[in-house]
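Only one structure is covered here, and it is reproduced in the block below.
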Amino acid sequence: MGLWRCVDILAAPVIMMRTIQVRTMEDFLQSLARQDLVTPLARLVLILLTLALTLVAQRLARVLTVRLVKVLVHFGSRIGRYEAEFAADLNHKLARPVEIIVVMIGLRVALVFIELGSSLVLLANRVTISVVTLAIFWAILQITNVITQYYVTRSIRETSALDETIVRFGRQVAIVLIFVFALTLLLGQWGQDVGALIAGLGIASLAVALAAQDALANVIAYFAILADAPFKVGDFIIVEDLVKGRVQSISFRSTRVRTLDYSVMAIPNQTIANANVINWARVRKRRLDMLVGLTYSTTAEQMEQVIADIRDMLNEHDDVTTDRIVVDFIEYGESSLNLRLSFLMRAYSWEDLEAHKTDINLRLMRIFDQNGVSVAFPTRTLHIASGGFPGEPPAGHDTAASDISE
């Protein structure tokens, strides 16, 4: 008898699907829950069956997501050699939101077989829709992050048509829009008047704007930096005497620069917008002006040979352009014979320039050693007359005797 009862319980849904006319799945489940054949034991079996099907649907959704992402990435974009990396990252980011959506739908279906009051049913519907909405917007946010990271990585590895700063700005705007839309839908789902809230926020934003003028100035300067594009993320910049380093990020409030000692300095955008900025990433040639002083013991023949050797060295240097090389004996200094060197070097970064300076200085030292000359340093020769210092009586002069004789 118990066996046949279980068979009736398991067969009841199939029989009712043929006899009950329903318009939606929820109507069918509610009708199923109201049938006399459905006992508490049958309800428990249906709940467990629903949860089991939810677990199966969760794994199936994960597999379908992988397949769908692979198809979309392959046919819907020009990712090229980054296709596998992009698809793997996207699958990893979308796995959790998809699982949450499937689980919430399964739990809501399972709750149909439990006798709940109208208020609890309304609460369950709102919670389910809210969580599913958050999961959907979470998935959209994850897609935005993956696409942003792809273009940032591509701009670093190779030349890209999209600037990294513009991509990051688009990501920030997308995050704000996603947050606003998600909040609007959630408030509407819970019966809040979104229009009144927006009107209240408009009045409050005016008060905040008056109280936070510096913050607004930084935001306006942020858009000015994007429009003028004096630098982008990854560029080595010098901001007057304030900072020297590589740009790490540009946000609405500040620009972060990693200095030479690897510390990170956050500079307000307003400060950078009003400062003189040198961008080393835009420099392809850099002029070097050097003043070298040789000792006065250097002969004319040695000076001529040193000048000729320096010119030959600069002309043969791979990173020195030959269109403008100046090596002249310009003056007799206080303690040295001064040479002026002026030339252009190919330097694509501040680090390259410092390395070139070191190389040039080492070659100059070898030239000076080969020609037997020395670099002068400030010296001063003091000659003391035999009569002593001014105002001092000559040696052997007897002041007392002189005074007595007078």
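Bear in mind these aren't lab numbers, they're just calculated from the coordinates by the rules spelled out. Keep in mind it's a predicted model, so treat the numbers as computed, not measured. Here the Cβ positions follow ideal geometry from the backbone for every residue, glycine too, while neighbour counts run over all protein chains shown.
Key figures
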quantity: Environment charge of E316, counting only residues whose C-beta is closer than 14 Å and scoring Lys/Arg +1, Asp/Glu -1; calculated: -2
quantity: Proximal charge balance of F329 [Cβ under 11 Å; K/R count +1, D/E count -1]; calculated: -2
quantity: HN-Hα J in Hz across the stretch 237-245 - Karplus 6.51, -1.76, 1.60, θ = phi - 60°, x for Gly and Pro; calculated: 10, 10, 9, 6, 9, 8, 7, 9, x
quantity: Amide H within-cut-off set for A376, under 5 Å, with H built and near neighbours excluded; calculated: G293, L294, T295
quantity: Amide H within-cut-off set for K285, under 5 Å, with H built and near neighbours excluded; calculated: A347
quantity: Sites matching GluC sites (Glu not before Pro) across the stretch 277-339 that sit in DSSP coil, with at most 13 neighbouring C-beta atoms within 10 Å; calculated: E334
quantity: Links that overshoot a 25 Å alpha carbon limit, given the list K93/K244; K244/K357; K70/K232; calculated: K93/K244; K70/K232
quantity: Loop-resident sites, the stretch 255-339, for chymotrypsin sites (Phe, Trp or Tyr not before Pro), counting at most 16 other Cβ within 10 Å (DSSP); calculated: Y262, Y296
quantity: Size of electric dipole in the stretch 212-281: Cβ of Lys, Arg +1 and of Asp, Glu -1, about Cα centre, debye, nearest 20; calculated: 240
